[in-house]
């Protein structure tokens, strides 16, 4: 699968994402500057973490107007697979490609640490059978507090759109046991109802090497790739 990693002014996890897909998983990945208007032959789109446009106004609020986002929206409309990580998740919500919004952490502090995620069954590729029950993946954000109204939350639950929840794990007193941002229902990642757009605050591309806090990001990224491969087969 050929991945396009969208690069905005202020992105700082773009090259990490390219490394994870290209060097670690063996799928070609290239950077696409936000002012471009075409995704070329991309079969998967990645909106990486960082601080696009300095997080002015709101996180992702300016990036969603970048020229490339029209191509991303059209790609997604045609069933193409898109994943937004951290700032990328924020951009997808601002663009209306995912429901809900991400606001300031409840603690009003930037949180940078490894957290425990509980894997929820959210489709054929994101399930406990393939990913396991829990994952340990880093977070690094100041605005990861996911919010959605009651009807929206009920729809996420009903449709199996919740990918991950922050979960207890480790020993007593371990900060990884805690929800780091106050996110409603402990939500750490979601998908759209159609199952081709994903957003998550934790950074799987920072959990793929032996020197990382874990290598639990690999099954997450492989799940995204499997979804993209399935989507490509449907198009054929």
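General observations
- For segment 57-69, filtering for residues that are touching a residue at least 24 places away in the same chain (Cβ under 8 Å) and assigned to a helix (DSSP H, G or I) leaves 4.
- Some residue of segment 76-89 being more than 17 Å from the chain's Cα centre (by Cα), assigned to a loop (DSSP other than H, G, I, E, B), surrounded by fewer than 23 Cβ atoms within 10 Å (Cβ to Cβ) and at pLDDT below 95: no
- Taking (1) assigned to a strand (DSSP E or B); (2) free of Cβ contacts under 8 Å to residues at least 60 places away in the same chain in turn, residue 136 satisfies each apart from (2).
- Selected residue [closer than 15 Å to residue 127 by Cβ, touching a helix residue (DSSP H, G or I) at 6+ places or on another chain (Cβ under 9 Å) and not in a helix (DSSP H, G or I)] from 199, 195: 195
- For segment 150-168, filtered to residues that are part of a loop (DSSP other than H, G, I, E, B) and either surrounded by fewer than 18 Cβ atoms within 10 Å (Cβ to Cβ) or touching a helix residue (DSSP H, G or I) at 6+ places or on another chain (Cβ under 6 Å) (or both), the residue that is modelled with the lowest pLDDT is 168.
- Filtering segment 20-41 to residues that are at positive phi and in contact with a strand residue (DSSP E or B) (Cβ under 8 Å, 6 or more places away or on another chain) leaves only 40.
- Scanning segment 90-113 for residues that are part of a strand (DSSP E or B), in contact with a helix residue (DSSP H, G or I) (Cβ under 8 Å, 6 or more places away or on another chain) and surrounded by fewer than 24 Cβ atoms within 10 Å (Cβ to Cβ) returns 101, 113.
- Boolean, residue 54 is on the phi > 0 side of the Ramachandran plot and part of a loop (DSSP other than H, G, I, E, B): no
- When 18, 45, 72 are screened for being in a helix (DSSP H, G or I) and either touching a helix residue (DSSP H, G or I) at 6+ places or on another chain (Cβ under 8 Å) or without any contact (Cβ under 8 Å) to a residue 40 or more places away in the chain (or both), only 18 passes.
The values are calculated or read from the model by the stated rules, or taken from the named source; none is laboratory data. All values derive from a computational prediction rather than experimental measurement. Every residue, glycine among them, receives a Cβ derived from its backbone with ideal geometry; neighbour counts consider all protein chains shown.
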